[in-house]
Each structure stands twice: as structure tokens, then as C-alpha cells.
Amino acid sequence: MVDAIGTTTGTRAPVSFWIIAVLSLLWNAMGCADFTMTVTRNSAYLAGFTPEMINWLDSAPTWTLVPWALGVWGALAGSLFLLLRSRWAVAAFAASLIGLAVTQIWQFSSNMPDSMTAPGSVAFTVTIWIVAIALLWYSVRMRRFGVLR
């Protein structure tokens, strides 16, 4: 679109865009909350963890915090960039996927507790991947259509 003074303003965002952007913000905020509560060792939050999970978390190398943070905070940034209709959403969601991949490679190559390899946990991990890939794909598509500037 071109405004009254001839500046390109992009395509109008459909209502579905705003719904997806808000839902992505809520979804990714949950990941950031999990990260924050786990890293700060919030006792009320960790009460829901098995002793094996807490031992596994405590044994994780410090460097694993970096890709985990990139994954969750990059996704939150991507959601915020979507709400701002910024093309930077694509880069943020891509960085988030890199963080997720590195985190998952470490997790599945470590001695994860059985509770984390149970069908429900694996299904949740698959859901995280599906949502992360879908948000990257969606942001690329919205950039291509001119919704993101």
C-alpha cells in the first residue's frame, strides 16, 4: 500500500494475522516462563519435577543455557516482532529454531530421565517443533506478502 505522501506501508494485516501473533506471544511466553522458573530454581515450580529431572538439570553443562535461552527468548522476540509487523520476526524465529535444535541435540544425547522420554513428553516436544517451524514459515510468508515491513 502507498500512503498519502507516497510511502510504501505494506499490505494490510488480516484479522487472522493478529490472532496468530497474539497466540504465538502467549505460547512463547510460556517457554520463557519455564526457562526463568527453572533457571532461577523456583521451588514452587520445581515441585512438579521428579527428583531425577532435577538431578539431570543440575548436571547439565552451563553452556546449555545459551541455546535454551536463544530458543525461548528468540521465539518471544519473533512473536513481538510479528505484533510490530517487523520483518525481523523471520530472523528471530530462525534463531529460535537454531537454539531449539542445539538444545534438543544435547538433551537427546544426554542421559535424560525416563519421565522425559515418556510418550506425553515426546508428544509435547514434537508440538514445540511443529509450532516453531510453523511460526518461521508463517513469518516468511507474511514478509513475502508485504504484511511484515
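The values are calculated or read from the model by the stated rules, or taken from the named source; none is laboratory data. Source: prediction; values computed, not measured. FYI the Cβ positions are ideal-geometry reconstructions off the backbone, even for glycines, and counts take in every protein chain you see. Heads up: the accessible areas ignore ligands, DNA and RNA and are worked out on the full protein's heavy atoms, side chains in. Shrake-Rupley method; radii C 1.70, N 1.55, O 1.52, S 1.80 Å.
Would you say residue 72 is open to solvent by 40 Å² or more (accessible area, probe 1.4 Å) and hydrophobic (A, V, I, L, M, F, W, C)?
Details: open to solvent by 40 Å² or more (accessible area, probe 1.4 Å): no; hydrophobic (A, V, I, L, M, F, W, C): yes.
Considered against the rule, which asks whether it is open to solvent by 40 Å² or more (accessible area, probe 1.4 Å) and hydrophobic (A, V, I, L, M, F, W, C), residue 72 comes out as no.
What number of residues in region 101-149 are among the charged types (D, E, K, R) and in a loop (DSSP other than H, G, I, E, B)?
So in region 101-149, the residues among the charged types (D, E, K, R) come out as 114, 141, 143-144, 149.
Pick out the ones that are also in a loop (DSSP other than H, G, I, E, B) and you get 149.
The total comes to 1.
When region 19-43 is filtered for residues that are touching a helix residue (DSSP H, G or I) at 6+ places or on another chain (Cβ under 8 Å) and either open to solvent by 60 Å² or more (accessible area, probe 1.4 Å) or not polar (S, T, N, Q) (or both), the ones remaining, listed by number, are 20, 21, 22, 25, 27, 29, 31, 32, 34, 35, 37, 39.
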